[in-house]
1. Per DSSP H run of n ≥ 4, the term is -39500 (n - 2.57); total these for the chain, divide by its residue number, and report the mean residue ellipticity at 222 nm rounded to 500 deg cm²/dmol.
2. Once you charge only the Cβ atoms, +1 for Lys and Arg and -1 for Asp and Glu, what is the size of the charge dipole of the chain about its Cα centre, to the nearest 20 debye?
3. Given 71, 30, 97, which one lies farthest toward the positive end of the charge dipole of the chain, if we put +1 on the Cβ of every Lys and Arg and -1 on the Cβ of every Asp and Glu?
4. For segment 1-33, list residues with backbone N below 19 Å from a point placed 7 Å from the Cα of residue 86 toward its Cβ?
5. Under a point spin-label approximation (7 Å from Cα along Cα-to-Cβ), what is the residue 57-residue 101 distance to one decimal in nm?
Amino acid sequence: MLLQLSLALVATILIEYGVLLLLGERRRKVLLSSVVVNILTNVPLNVYLLRCSGGWRDVLVGEVLVVVVECLWYYGFVRKWSQAAVYSLLCNAISFLTGVLFQLLLVFFNAGL
């Protein structure tokens, strides 16, 4: 379980950091804050999902909470609600979809073996 949580955290940090760079963010404090906020949100989210059924409702509730928390977090650094919302929504959508794609590829390749 610890390895799974660690891999999810590292992947999320790298993906979301990359998304911020692609969005043109260059302020060091914002980029480093993305690492901190992902540690604060990703680990609890994944522990929650591992402990509950992990159904689509649990995932939806967890992801919405993470988006809200991260939006508030980014607002503290960028001071623009629209920018904070874009950062939070895009970072989380892309990292979530990347995770879904990764899981689908695992299922596909495991089924083929």
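FYI, it's all coordinate maths here, none of it is from the lab. Since we're looking at a predicted model, the values are computed, not measured. We place every Cβ from the backbone using ideal geometry, glycine too, and count neighbours over all the protein chains shown.
1. The per-residue figure over the chain is -31500 deg cm²/dmol.
2. Details: 8 positive and 5 negative charges, 80 e Å.
So the dipole magnitude of the chain works out to roughly 380 debye.
3. Result: 30, furthest along the dipole toward the positive end.
4. 16-33
5. Distance between label points: 3.0 nm.
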